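The values are calculated or read from the model by the stated rules, or taken from the named source; none is laboratory data. What you see is a predicted model; the values in this text were computed from it and never measured. Methodologically, a virtual Cβ is constructed for each residue, glycine included, from the backbone with ideal geometry; neighbour enumeration extends over all protein chains shown.
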Amino acid sequence: MTADPRKAAIAAAFGKAAPRYEEHAAVQRIAAERLAERVARLPLPPRPRVLEIGCGTGFLSRALRERIGPADWLLTDLSPDMLARCRAALGDPTDSAFRIMDGEKPDLDGPFDLIVSSLALQWFRDPTAALARWAEMLAPGGRIAVATLAADSFREWRGGPPPPG
């Protein structure tokens, strides 16, 4: 799939985890739900063109489908096994295309009204360059919405106070 050994290792690790991923992914589920809630408040056009980077088993895909109504979806992941799980979880819908792709260096043009990604950006070597590339793929007025890990992410999800300072 990829000539980059690091990316191949990431895809293989997620592929190996795919069969039981959802059993151990409480944080991923929470992050996807919170991102979907925020995205649902965005001013999107009717039937937006949506690109999801790193769809995994479909946490964000399912949460968004419940909230934003009809859309044209392109769901992508580095791992073929995760992508297959997502497709199965969604019931292989006719409004969706599925594609194995490195979201850090997408090989497509768009335009998209919405580009979303939940907990994939932290796997990128150069997230800033990836976000710049994504911005080039947006339609006029398009939006990018991401959830990613940062310092004290887990403390925030547990409801704890921010660190002093």
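The single condition from (1) closer than 28 Å to ALA139 by Cα; (2) in a helix (DSSP H, G or I); (3) at pLDDT below 95; (4) touching a helix residue (DSSP H, G or I) at 6+ places or on another chain (Cβ under 7 Å) that ALA63 fails is (3). Set side by side, the residues ALA36, ALA31 differ, and just one is buried (at least 20 other Cβ atoms within 10 Å of the Cβ), under 12 Å from the mean Cα position of the chain (by Cα) and within 17 Å of TRP123 (Cβ to Cβ), which is ALA31. Looking across ASP102, ASP113, one residue alone is closer than 15 Å to GLY54 by Cβ and touching a Lys or Arg at 6+ places or on another chain (Cβ under 8 Å). It is ASP102.
Candidates in segment 97-108 are the residues that are over 16 Å from SER79 (Cβ atoms) and in contact (Cβ under 8 Å) with a residue 24 or more places away in the chain; of these, the one that is farthest from the chain's Cα centre (by Cα) is LEU108. Restricting attention to segment 84-95, the residues being modelled with pLDDT of 95 or more and in contact with a Lys or Arg (Cβ under 8 Å, 6 or more places away or on another chain) number 0. You will find that of ARG155, ARG143, the residue that is of a type in the set (Lys, Arg) and modelled with pLDDT of 90 or more is ARG143 and no other.
Tell me which residues, restricted to segment 109-139, are outside any helix (DSSP H, G or I), free of Cβ contacts under 8 Å to residues at least 40 places away in the same chain and surrounded by fewer than 20 Cβ atoms within 10 Å (Cβ to Cβ).
ASP109, ASP126, LEU138
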